[in-house]
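First the structure, in the form of structure tokens, and then the observations on it.
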Amino acid sequence: MTHLNRLLAVVLLGLAIQATPATAAKPIDLSLLVAEDHPCTWPSGFPMFQLKHYRRIGALTPYNIDVLTIDGNTGTQIDVPPHSIPRPGSGLKNAGPLGSIFTEKVPAWQFGGEAVVIDVSQLLNTTENGVSSLIQPRHVLAWEKTHRKLRFGDVVLFKSGYTDKYYRPFPAGRRFVADPVEGTVPAWPDPHPDTMTLLGQRGVKHVGCDSPSMGPLPDLAEPTHIAGLKFGMIFTEGVTRLKRVKPGSFYCVLGPRHAKGMYGEGRALAIPPGKLATRLIASAKAKRAVDLSVINDSQLPITWTGPGIGNHRYPYIKVDFLYAENLDLQHHTHMMDAQAGTHLVPPSYALPTDDFDNDDYSDEVRGWLKEYQKRFGRRRTSSVTTEQVPLGQTCGEARVIDVRGLVGSTRKEQWPTSPQITVTLVRAYEKAHGALRSGDVVLFRTGHIKQTFKPLPAGVGCVSDPLNGKTEGWPAVTAEVIDYLDDRGIRCVGIDAPSIGGVDEKSALMTYWALGSRGMVAVEFLQNLDKLPANAYFLFAAIPIRGCHGGPGRAIALY
């Protein structure tokens, strides 16, 4: 497609989009920003969140590469039963099967449901210093009297306004967690254990709060956790902006699948009332959900090894620090590459900022850039990092394009190389399944993860062997395909492989340049695309880390 024809296509697409009413309301972000100067980390003994820009675009690499130190009690977060329920066979009090349902084992349907917001703002700052005001069963019963009885499929969200009021950069941010824990100011409102028991009896499996923890200070935190988690509930802690959530909304929280995670960092969102929200609520209630994320474990091939020796990115490391005697487990944090496991690729991953001098690239990359701009137009610049990518861009109708037929189509003497996913193949999909539409999320099914994602050392077939030419690379999306999808109004693409660009460095970089230059994003390292029916809705949310050029997250689909 010539640049003139491409420009005409974009103009016509824009007119078509303007003439077509929106099919779904935009998701509302209910998550706390994760940043080093915010009170996103629990202040008592937990490692502080850190973001390190390990490599910046320049002579050493054409990519922005980050390293994270982040634990599950960071920002908006998810608690699962092993947070307070010991594993079976441990001999500890309250032990049972629920003690094995770590973050990677929570069923995908349980992350979402119908949002039920119970206003308890009258309780804010009504106690003495260091003490939480308690949300009692009567507050829940009063809501039921006015509305309806709570039921399975509801996500009960307690709105006190605490996060909205106190989540601020330091030093003011001490008021959020540190000062209440220290006992110098009143603590946040939180449920009494009896309230959690009532919700459990109603069949509620997911409860959220706009406070730092589902734990009233000073001494009811653990009883409240146990009271809810013993029913198999999960919690979302640190939700914010609940005043924007209207009755009939769909609520969901998503976070990385950390192996043996007692809790995990998360991203909460709501879909406003309407056809889409009603559809997603029904799907979650019927347990029609597929988890599309790989498990994050140091024994699995979830990080980029690079070709050869010494070209790997930061490995995924679980670091134990505090021993929980009541669980016979260690609390832990993670040190990891920002693109470990299932993750987001924002525009700024491969695009430099406006002040970048192209002469700072290596000679080889400058040559690639000259060729790219001759073929695809000017490579743009961007400062759009993960937290700036709207949730509406990473959620949409799933359109799964099966490209497994490309596997085995290259010659061994060509390796390392990847079979190329072409525009012709995408058009063939459209002819068979209908045209791609603006807002769809295009997912390329290669089958690579299903065949190669195994514990190490067998798992070298996933990333390392293809990069080193020992096996064929996974099918790769070309820059031409990105341009074609952009013309169709596609803003997000995904793939069940380690990257969308494949193993050839030049071709991959051109794909990422095209992706970012069109304002598109990618979700990489998906799995289970073979389990999606034709009417599935794709949901992906990355942790909103300020200034991050990657973004661990979780992808699910409801159908």
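Here are a few things to note about the model shown:
- Within the set (1) 91, 60, 59; (2) 68, 52, 46; (3) 83, 54, 48, the number that Cα extents along the principal axes in Å takes when calculated for this structure is listed as (2).
- Neighbour count of at most 11 Cβ within 10 Å plus DSSP loop: longest trypsin sites (Lys or Arg not before Pro)-free window in the chain: 150-377
- Straight-distance candidates among the aspartates and glutamates for linking to Lys230, with alpha-carbon spacing under 14 Å and chain neighbours fewer than 8 residues away dropped: Asp79, Asp194, Glu222.
- Pairs with C-alpha atoms separated by more than 32 Å, drawn from the list Lys260/Lys285; Lys205/Lys531; Lys287/Lys506; Lys145/Lys205; Lys318/Lys370; Lys285/Lys431, are Lys287/Lys506; Lys318/Lys370; Lys285/Lys431.
- FRET efficiency, Asp530 to Val185 (Cβ-Cβ, R0 51 Å, nearest 0.05): 0.45
- Rounded to the nearest 10 degrees, the angle from helix 423-433 to the longest Cα principal axis of the chain is 60 degrees.
- A dipole drawn for the range 76-287 from +1 and -1 charges on Cβ atoms has a positive end, and of Pro218, Pro82, Ile234 the residue lying farthest that way is Ile234.
- For Lys26, a cut-off of 18 angstrom between C-alpha atoms picks up these lysines, skipping any fewer than 8 places away in its own chain: Lys243, Lys246, Lys275.
- Likely footprinting exposure, Phe158, Phe46, Phe102, fewest C-beta neighbours within 10 Å first: Phe46, Phe102, Phe158
- Within the straight-line cut-off of under 12 Å between alpha carbons, the aspartates and glutamates reachable from Lys450 are Asp496, Asp530, sequence neighbours fewer than 8 places apart in one chain being disregarded.
Computed from the coordinates by the stated procedures, all read-outs in this text should not be read as laboratory data. Predicted model only: the values in this text are computed from it and were never measured. As a convention, Cβ positions derive from the backbone with ideal geometry for all residues, glycine included, and neighbour counts pool all protein chains shown.
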